[in-house]
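Student: Got a structure for you, questions after.
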Amino acid sequence: MATITTGTAELRDITKMERIGAHSHIRGLGLDDRLEPRENSQGMVGQGKARKAAGMILKMVQEGRIAGRAILFAGPPSTGKTAIALGMAQQLGIDVPFTMIAASEVFSLSMSKTEALTQAFRRSIGVRIKEETEIIEGEVVEIQIDRSLTGATKTGKLTIKTTDMETIYDLGSKMIDALSKEKVLAGDVVTIDKASGRITKLGRSFARSRDYDAMGADTKFVQCPEGELQKRKEVVHTVSLHEIDVINSRTQGFLALFAGDTGEIKPELRNQINTKVAEWREEGKAEIIPGVLFIDEVHMLDIECFSFLNRALENELSPLVIMASNRGMTRIRGTKYRSPHGLPVDLLDRVLIVSTKPYLEEDVQQIIQIRCQEEDVTLSPDALTVLSSMAMQTTLRYALNLISCAQVLATKRKADQVEVEDLRRAYTYFMDEKRSVQWLKEQQGSLVFEEIDGDDTKANGTAMDEDE
Ligand SMILES: Nc1ncnc2c1ncn2[C@@H]1O[C@H](COP(=O)(O)OP(=O)(O)OP(=O)(O)O)[C@@H](O)[C@H]1O
Ligand SMILES: [Mg+2]
């Protein structure tokens, strides 16, 4: 069998950046220790029941008790489904994977639907790996660097010792750079990771404490290490199954992780990796950490994807799947049948449904305030009242979008606070859904309309026509 690697050193350097502006104020679920929702905390307001439910699920995930289950957040548009899912993501531990996809992403051209879903599933499962690495730990006796005449190539020697032994190592230019970057001097106690070449300075040796008078107050003194120079040390790191897949697929290599373009991965390779991971588990070298896969706008998946989900959820290596949908009774994509939330009944049967409800005006007011702080906008008290009542008549999202528009208008008239007037003007510039529909009705005949006979997917402008 091929050797399976996990690419420790490379992976650690990939930082994950994924925060969407509209939800940047969400820092968690805002629950207390007993999982009761706090009134206004971590950017979250109201929607208490759904938040508590989310908190309970989260707790089970963290205790590793729940995997291969599915949750569905169902509720009208802009009632916080996506916001709650993101809040959950922020409260998972750092090494519990969280993947978020919008269902429509699955229909990309570069890979099949099932491959896209498989990748999403495997991104959401972490493997915590314990590895022994070899390190060199000792006190630096001497660093000697020889530069070639042009200065282009460098070679050198590092003399390093413990209380029991002393050895000289040859240095390549990469190590020389690393040593000078860490400002390693004779008398420093260092560790060098043999595999990655990473150097860590532990402090200065006590033996050298009287060598220099001018030493910073923060200089740390340590004992010169004893025994062997080379030691084995245990390190723990977490990678996702998908990362292991990509690193080991011969055509791609780990660079594909940076490009984000990983293409399809062969099923045989996945099987090999699963077997290997199972072996590591048995040997106590690895631990599986089921994470969370969030599929937003799940009604956009089609019947083939749903049947894949049904099966994948029963797999031993399955994450917790959270879905969100704002549809009522609607057609299941790829079929003629209608079903609640656009999900087939056999899948619905497997999910726990959490519903989100429209907000009360007080809640809306607080959410608007939080967003204003986040966007650095000051609203006059009157403007806040007006905007809250706008939100009640249109949607919360529309009102939140108006904040920045009104701010632009306020800045134009050189005011430092948004007044009712600015909101009123922004309201006339940008339509909400209801007014837009109204306007379309008035424009019958002058815009291009498309009506398809005998099909219920009319593209006649009325939003979510098929749901009613
Ligand atoms: N309870 C809440 N506390 C704070 N902000 C919230 C809350 N609920 C929603 N928001 C904010 O309101 C906006 C709309 O909410 P969100 O996008 O989560 O709605 P949604 O239920 O996912 O809607 P859709 O069905 O249209 O996708 C977002 O900017 C979100 O961050
Ligand atoms: Mg959403």
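The values are calculated or read from the model by the stated rules, or taken from the named source; none is laboratory data. Since we're looking at a predicted model, the values are computed, not measured. Here Cβ is always computed from backbone atoms with ideal geometry, including for glycine, and neighbour counts include all displayed protein chains. Just so you know, the surface numbers come from the protein's heavy atoms only, side chains and all, with ligands and any DNA or RNA stripped out. Shrake-Rupley method; radii C 1.70, N 1.55, O 1.52, S 1.80 Å.
Student: Tell me which residues, restricted to region 352-362, are outside any loop (DSSP other than H, G, I, E, B), open to solvent by 50 Å² or more (accessible area, probe 1.4 Å) and of a type in the set (A, V, I, L, M, F, W, C).
Tutor: If the condition is that a residue be outside any loop (DSSP other than H, G, I, E, B), open to solvent by 50 Å² or more (accessible area, probe 1.4 Å) and of a type in the set (A, V, I, L, M, F, W, C), then 352, 353 are the ones that fit.
Student: Tell me whether region 54-66 contains one or more residues that are part of a helix (DSSP H, G or I) and within 16 Å of ligand 2 (Cβ to nearest atom).
Tutor: yes
Student: While we're looking at this one, here's another question. Starting from residues that are more than 16 Å from ligand 1 (Cβ to nearest atom) and small (Gly, Ala, Ser), keep the ones in region 302-337 and report whichever is nearest to residue 397 (Cα to Cα).
Tutor: The residue in question is 334.
Student: When you scan region 362-375, do you find a residue that is within 26 Å of the chain's Cα centre (by Cα), charged (D, E, K, R) and more than 10 Å from ligand 1 (Cβ to nearest atom), even just one?
Tutor: For region 362-375, residues within 26 Å of the chain's Cα centre (by Cα), charged (D, E, K, R) and more than 10 Å from ligand 1 (Cβ to nearest atom): present.
Per-residue answers, yes or no, for (1) farther than 29 Å from residue 22 by Cβ; (2) open to solvent by 30 Å² or more (accessible area, probe 1.4 Å); (3) at pLDDT below 90:
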site	(1), (2), (3)
301	no, no, no
317	yes, yes, yes
323	no, no, no
326	no, yes, no
343	no, no, no
350	yes, yes, yes
364	no, no, no
373	no, yes, yes
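Student: Please go through region 318-335 and pick out each residue that is in contact with a Ser or Thr (Cβ under 9 Å, 6 or more places away or on another chain), polar (S, T, N, Q) and either more than 16 Å from ligand 2 (Cβ to nearest atom) or in a strand (DSSP E or B) (or both).
Tutor: Selection gives 318, 330.
Student: Can I ask one more? Report yes if some residue within region 128-140 is modelled with pLDDT of 90 or more and within 30 Å of residue 270 (Cα to Cα); otherwise report no.
Tutor: yes
Student: Just the residues that are open to solvent by less than 20 Å² (accessible area, probe 1.4 Å), closer than 29 Å to residue 191 by Cβ and either free of Cβ contacts under 8 Å to residues at least 40 places away in the same chain or in contact with a Cys (Cβ under 8 Å, 6 or more places away or on another chain) (or both), please, taken from region 91-140.
Tutor: Answer for region 91-140, where residues must be open to solvent by less than 20 Å² (accessible area, probe 1.4 Å), closer than 29 Å to residue 191 by Cβ and either free of Cβ contacts under 8 Å to residues at least 40 places away in the same chain or in contact with a Cys (Cβ under 8 Å, 6 or more places away or on another chain) (or both): 138, 139.
Student: If you don't mind, another one. Picking from 338, 350, which residue would you name as being away from ligand 2 (no atom under 16 Å from the Cβ) and either in contact with an Asp or Glu (Cβ under 8 Å, 6 or more places away or on another chain) or without any contact (Cβ under 8 Å) to a residue 12 or more places away in the chain (or both)? If you could, list the steps in order and put the result at the bottom.
Tutor: Numbers: 350 fails: either in contact with an Asp or Glu (Cβ under 8 Å, 6 or more places away or on another chain) or without any contact (Cβ under 8 Å) to a residue 12 or more places away in the chain (or both).
Criteria check complete, one pass: 338.
Student: Still on this structure, I have one more. Does any residue of region 152-169 turn out to be part of a helix (DSSP H, G or I), in the same structural domain as residue 200 (by TED's automatic domain parsing), over 30 Å from residue 319 (Cβ atoms) and at pLDDT below 85?
Tutor: No.
One line per residue, one yes/no per condition, for (1) under 19 Å from the mean Cα position of the chain (by Cα); (2) part of a loop (DSSP other than H, G, I, E, B):
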site: 68; (1), (2): no, yes
site: 71; (1), (2): yes, no
site: 88; (1), (2): yes, no
site: 96; (1), (2): yes, yes
site: 111; (1), (2): no, yes
site: 118; (1), (2): yes, no
site: 134; (1), (2): no, no
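Student: In region 260-313, what count of residues is obtained for those that are part of a helix (DSSP H, G or I) and not aliphatic (A, V, I, L, M)?
Tutor: 20
Student: What about residue 380, is it surrounded by fewer than 21 Cβ atoms within 10 Å (Cβ to Cβ), away from ligand 1 (no atom under 11 Å from the Cβ), touching a residue at least 24 places away in the same chain (Cβ under 8 Å) and small (Gly, Ala, Ser)?
Tutor: Against the criterion (surrounded by fewer than 21 Cβ atoms within 10 Å (Cβ to Cβ), away from ligand 1 (no atom under 11 Å from the Cβ), touching a residue at least 24 places away in the same chain (Cβ under 8 Å) and small (Gly, Ala, Ser)), residue 380 qualifies.
Student: Still on this structure: Mind listing just one residue for me: the one in region 42-75 that is near ligand 1 (Cβ under 7 Å from one of its atoms) and in contact (Cβ under 8 Å) with a residue 60 or more places away in the chain and, of those, farthest from residue 329 (Cα to Cα)?
Tutor: Checking each candidate, the answer is 43.
Student: Write out, first by first residue and then by second, each pair whose Cβ atoms fall under 8 Å of each other, whose residues are 6+ apart or on separate chains, and whose first residue, in region 301-315, is assigned by TED's automatic domain parsing to the domain that holds residue 330 while the second is open to solvent by less than 60 Å² (accessible area, probe 1.4 Å) and polar (S, T, N, Q).
Tutor: If the second residue must be open to solvent by less than 60 Å² (accessible area, probe 1.4 Å) and polar (S, T, N, Q), the pairs left are 303/335; 312/118; 312/318.
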